[in-house]
Amino acid sequence: MSALQGRIAVVTGASRGIGAATASLLAREGARVVRMSRTLAPKHGKETLDLRCDVTDASQVRVAADLVRSEWGTPDILVNNAGAFHLAPFEETSTAEFDAQLAANLRGPWLVAKAFVPMMRAGKGGLVVTVGSVADHNGFPGNAAYAAAKYGVRGLHETLVAEHRGTGVRFTLVSPGPTDTAAWDAVDPDSREGFTPRAKMLRPEDVASAIVFAATRPSHVQLDWLRLGPA
Ligand SMILES: NC(=O)c1ccc[n+]([C@@H]2O[C@H](COP(=O)([O-])OP(=O)(O)OC[C@H]3O[C@@H](n4cnc5c(N)ncnc54)[C@H](OP(=O)(O)O)[C@@H]3O)[C@@H](O)[C@H]2O)c1
């Protein structure tokens, strides 16, 4: 039997990149996977549940969480992955861009956790994986807004671990280094000094396998933090 047979997983930001790879790998391990993003074509079925949802919008997240619960039940695995990357020096980052980075990378995971964690706690079990970044524990030039959000999401994760110890709900932060996804298209790292070339980056599947590793630990194991990057 596959490791996650019969489990229900929710993956945000599952239309491409790390989220899409994670949804595929979870499904390959036997989970039924709810995929959420702003652009997925909605599909409702016994084996497919694709939801269009902007995770920065509290009412959309609430509607999506209610729909997951009523159609498939309380998730066993929640992957809080949706996010966006804005790279610019501090002095060239507007406050509107800062707000947008906080919305995508901190408010979104907050709202998603608010919508799903109480039902998981009521069900006395489950795993929440938050996708952080190497920027959740390092400062890099050009990363002020993104790092502010990702350090914040690490703080949220650590608090959730502390508040839920003994409840059956577990939390893992997965912090990848540079990973070759469309998030890098606008940056064009291959043409810029000091950036990891795309060919040397992690692949989305590498991050997905770290997430599935967390999801396949026995329920008595609290795995706090996985950090991975290019060798
Ligand atoms: N790539 C890297 O080097 C790297 C490294 C460390 C951490 N990460 C983190 O990994 C996560 C995934 O990044 P990625 O590289 O896979 O990026 P990506 O290829 O750009 O994918 C981002 C995903 O998030 C979704 N998304 C963005 N904003 C959203 C919103 N407001 N509501 C719902 N969905 C939203 C996008 O879907 P729609 O456009 O369809 O909404 C897409 O599915 C992010 O949290 C990112 O910070 C990435």
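The residue of segment 156-191 that is modelled with the lowest pLDDT, among those that are within 14 Å of the ligand (Cβ to nearest atom) and among the charged types (D, E, K, R), is Asp188.
Residue check: is Thr22 at pLDDT 95 or above and in a loop (DSSP other than H, G, I, E, B)? Show your work before the answer.
Details: at pLDDT 95 or above: yes; in a loop (DSSP other than H, G, I, E, B): no.
Here the answer is no, as Thr22 does not meet what is asked.
Screening the candidates Leu87, Leu51 for the property of being in contact with a strand residue (DSSP E or B) (Cβ under 8 Å, 6 or more places away or on another chain) and surrounded by 16 or more Cβ atoms within 10 Å (Cβ to Cβ) yields one hit, Leu51. Report yes if Leu51 is farther than 18 Å from Ile211 by Cβ and in a strand (DSSP E or B), otherwise no. Answer is yes for this residue.
Screening the candidates Leu127, Leu160, Leu226 for the property of being out of contact with any Lys or Arg (no Cβ under 8 Å at 6 or more places or on another chain) and part of a strand (DSSP E or B) yields one hit, Leu226. Go through the residues of segment 70-80 one by one and say whether even a single one is within 13 Å of the ligand (Cβ to nearest atom), touching a residue at least 24 places away in the same chain (Cβ under 8 Å) and in contact with a Pro (Cβ under 8 Å, 6 or more places away or on another chain). Taking every residue of segment 70-80 in turn, at least one turns out to be within 13 Å of the ligand (Cβ to nearest atom), touching a residue at least 24 places away in the same chain (Cβ under 8 Å) and in contact with a Pro (Cβ under 8 Å, 6 or more places away or on another chain).
Look through Val117, Val131, Val221 and report the one residue that is within 11 Å of the ligand (Cβ to nearest atom), within 24 Å of Gln5 (Cα to Cα) and touching a strand residue (DSSP E or B) at 6+ places or on another chain (Cβ under 9 Å).
Of the residues listed, the single one that is within 11 Å of the ligand (Cβ to nearest atom), within 24 Å of Gln5 (Cα to Cα) and touching a strand residue (DSSP E or B) at 6+ places or on another chain (Cβ under 9 Å) is Val131.
The values are calculated or read from the model by the stated rules, or taken from the named source; none is laboratory data. For clarity, every value in this text was computed on a predicted model and none was experimentally measured. Positions of Cβ are backbone-derived with ideal geometry, glycine not excepted, and every protein chain shown enters the neighbour counts.
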